[in-house]
Amino acid sequence: MADRHVVIVGAGPAGLLLAVYLLKRPGYRVSVFEQRADPRLTPQVQNRTFPISLQERGQQALRSISGLEQAVADRSTVCNGTIMHQASGKSRAIPRKMSSLMIDRLQMVMVLLQFLSDQYSSDQLVIQFNCRCTHLNSAAQTLQFEQPDGEVITHTYDVVVGADGARSKLREALVEQVNFPCEQTLIPDAYKSVFLTQPEDGAPLAVDKVHTLNLPNNVRMMLVPQGNTQLNGVLVFKRDHSPIAQYNTKEEILAFVQENFPRFGALMTLDEADALLSRPVANVTTVRCQRFHEGSNILLIGDAVHAVSASIGQGCNSALQDVWVFNQLLDQHQDNWSQTLPAFSDQRIPEVHALRELSDYSFPRNKLLVTEFILRLQLGRILNRWFPKRFPPFLFDLIFDSDLPYSEVLKIHQGWINKVKASTR
Ligand SMILES: Cc1cc2nc3c(=O)[nH]c(=O)nc-3n(C[C@H](O)[C@H](O)[C@H](O)COP(=O)(O)OP(=O)(O)OC[C@H]3O[C@@H](n4cnc5c(N)ncnc54)[C@H](O)[C@@H]3O)c2cc1C
């Protein structure tokens, strides 16, 4: 029997990991189409990347492929907690039981690309960059792609997977063509990427911790160490309320960061202040769909079908978990995609809808609830240690230090989530 040809749109973490899993199975040929250039051949464009923290759910999906978790770990920094800084210079450490792998999104993509190209020949795998998917014709089973010179190419598929991120073209086509049940929302938070360098002779900010500092008005900076000298992160603020929009010079930007984020500002150079000034503001789109497939040959995974806010850093973990679950379902249904696709929607929808609630409402927005949150964290951990049967682990400990299904985590902490939700109305 001829190999099944799967076309994957989007060479992000989800699309590339799916290619790895499918090619491990007998009887598959995979083509991946990516709108951007090959990141291995182009200089790193800093404003398009940001650090991703991977915990057990994401790591588990990498671990099942021999050598892959290690390859990602080799390019990651291991972090075992967060330090919440204050503008006054004080700080509070929040340790984690299990460590997270911190890896830049682009680095993770490059590891996956290298892994694939080391193992598979062009008979089994084709990855085409600079190919932007513009049309899906589900009746004819064709896809159209546009190249940078304007040339349009058409490809046929047996099965197509949309792994093309939060602004998925495939999802958009399905919404237009078959009224695919899905809603897309622009969340109130927007961000600019930040890149800082620590001195070689001793890092003032611990290199095994995530660093955050919250200001009033929902402005915050989060920095993640990458190796011993680099800190990559984001300045987050309410959309259309950038705290630096009023400044026109790099000197003003530097002065703002040094005054409001003193520990971070001490590491900022005038060049980085200049880059921050001109870097575009990135808006975050969330996606909520009522199914993840259409018919027996169209599947959506990752951000394309369940993008969430980055507030608790689970988007990529859950995107990788999609692939891991999908692979298990292919096993269960002997690669019968007509059975596997609806089974995948049934299994994943309650999980990613729960994740959406957790992402939107785990972290409180007002000052009073932040104080309650810290009290719950401290008291909750003590009570859980003493009376584990009566007091479940703290919410963030379940999100970051366990692989409990998101729906279970939500059930256990629904009261807190409802409280935060009510405070936002
Ligand atoms: C600031 C920030 C911090 C984050 N931190 C974390 C974190 O700590 N932990 C975590 O788990 N998650 C985090 N996330 C979320 C995480 O980045 C995403 O969930 C993850 O990248 C999703 O992977 P994906 O492969 O589904 O989509 P993407 O990473 O968006 O990849 C989609 C790919 O498809 C390509 N594409 C798009 N349209 C087309 C088209 N028409 N044709 C061809 N190709 C196309 C894109 O160029 C891209 O390469 C964060 C997100 C942000 C914004």
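The values are calculated or read from the model by the stated rules, or taken from the named source; none is laboratory data. Just so you know, these numbers come straight off a predicted model, no measurement behind them. Glycine gets a Cβ as well: all are built from the backbone with ideal geometry, and neighbour counts include every protein chain shown. Heavy atoms of the whole protein, side chains included, go into the accessibility calculation; ligands, DNA and RNA do not. Shrake-Rupley method; radii C 1.70, N 1.55, O 1.52, S 1.80 Å.
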- Item | Lone unmet requirement of (1) open to solvent by 40 Å² or more (accessible area, probe 1.4 Å); (2) away from the ligand (no atom under 12 Å from the Cβ); (3) closer than 21 Å to Pro405 by Cα for Asn327 | (1)
- Among the candidates Leu18, Leu22, single out the residue that is modelled with pLDDT of 95 or more and either more than 13 Å from the ligand (Cβ to nearest atom) or in a loop (DSSP other than H, G, I, E, B) (or both). Leu22
- Hits in segment 235-264 (condition: touching a helix residue (DSSP H, G or I) at 6+ places or on another chain (Cβ under 9 Å), surrounded by 18 or more Cβ atoms within 10 Å (Cβ to Cβ) and either within 17 Å of Lys90 (Cα to Cα) or among the charged types (D, E, K, R) (or both)): Lys250, Val257, Phe264
- Message: Criterion first (away from the ligand (no atom under 14 Å from the Cβ), open to solvent by 10 Å² or more (accessible area, probe 1.4 Å) and in contact (Cβ under 8 Å) with a residue 12 or more places away in the chain) does Asp335 satisfy it?
- Response: yes
- Item | Identity of the residue in segment 228-265, hydrophobic (A, V, I, L, M, F, W, C) and assigned to a strand (DSSP E or B), that ends up nearest to the ligand (Cβ to nearest atom) | Val234
- Task: Scan segment 379-425 residue by residue and report those that are over 17 Å from Arg356 (Cα atoms), open to solvent by less than 40 Å² (accessible area, probe 1.4 Å) and touching a Phe, Trp or Tyr at 6+ places or on another chain (Cβ under 9 Å).
- Result: Gly380, Asn384
- The condition from (1) more than 13 Å from the ligand (Cβ to nearest atom); (2) surrounded by fewer than 15 Cβ atoms within 10 Å (Cβ to Cβ); (3) touching a residue at least 12 places away in the same chain (Cβ under 8 Å) that Ala139 misses is numbered (3)
- Query: In segment 210-226, what residues are of a type outside the set (A, V, I, L, M) and either modelled with pLDDT of 90 or more or touching a strand residue (DSSP E or B) at 6+ places or on another chain (Cβ under 6 Å) (or both)?
  - Reply: His211, Thr212, Asn214, Asn218, Arg220, Pro225, Gln226
- Could you list, in sequence order, the residues of segment 142-163 that are open to solvent by 40 Å² or more (accessible area, probe 1.4 Å) and closer than 15 Å to Glu294 by Cα? Asp158
- Could you list, in sequence order, the residues of segment 277-309 that are of a type in the set (A, V, I, L, M, F, W, C) and touching a residue at least 60 places away in the same chain (Cβ under 8 Å)? Val281, Ala282, Val284, Val287, Cys289, Ile298, Leu299, Leu300, Ile301, Ala304, Val305, Ala307
- Could you please find all residues in segment 271-294 being in a loop (DSSP other than H, G, I, E, B) and open to solvent by 50 Å² or more (accessible area, probe 1.4 Å)? Pro280, Val281, Gln290, Arg291
- Query: Assuming Asp74 fulfils every condition listed in (1) open to solvent by 70 Å² or more (accessible area, probe 1.4 Å); (2) within 16 Å of the ligand (Cβ to nearest atom) apart from one, which condition is it?
  - Reply: (2)
- Evaluation of Met268 against (1) surrounded by 20 or more Cβ atoms within 10 Å (Cβ to Cβ); (2) within 25 Å of the chain's Cα centre (by Cα); (3) away from the ligand (no atom under 16 Å from the Cβ); (4) under 30 Å from Met84 (Cα atoms) (one fails), failing number: (2)
- Test: Leu170 is within 12 Å of the ligand (Cβ to nearest atom) and not assigned by TED's automatic domain parsing to the domain that holds Leu16: no
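Rundown of residues vs (1) outside the structural domain of Gln328 (by TED's automatic domain parsing); (2) in contact with a helix residue (DSSP H, G or I) (Cβ under 6 Å, 6 or more places away or on another chain); (3) free of Cβ contacts under 8 Å to residues at least 60 places away in the same chain; (4) surrounded by fewer than 17 Cβ atoms within 10 Å (Cβ to Cβ), yes/no style:
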site	(1), (2), (3), (4)
Arg25	no, no, no, yes
Ala37	no, no, no, yes
Leu41	no, no, yes, yes
Pro51	no, no, no, no
Glu56	no, no, no, no
- Note on the structure: Going through segment 117-135 in order, the residues found to be more than 18 Å from Arg36 (Cβ to Cβ) and open to solvent by 60 Å² or more (accessible area, probe 1.4 Å) are Asp118, Gln119, Ser122, Asp123, Gln124, His135
- Could you say whether any residue in segment 99-117 is among the charged types (D, E, K, R) and more than 18 Å from Ala14 (Cβ to Cβ)? no
- Item | Residue check for Val207: within 12 Å of the ligand (Cβ to nearest atom) and either in contact with a strand residue (DSSP E or B) (Cβ under 9 Å, 6 or more places away or on another chain) or of a type in the set (Lys, Arg) (or both) | no
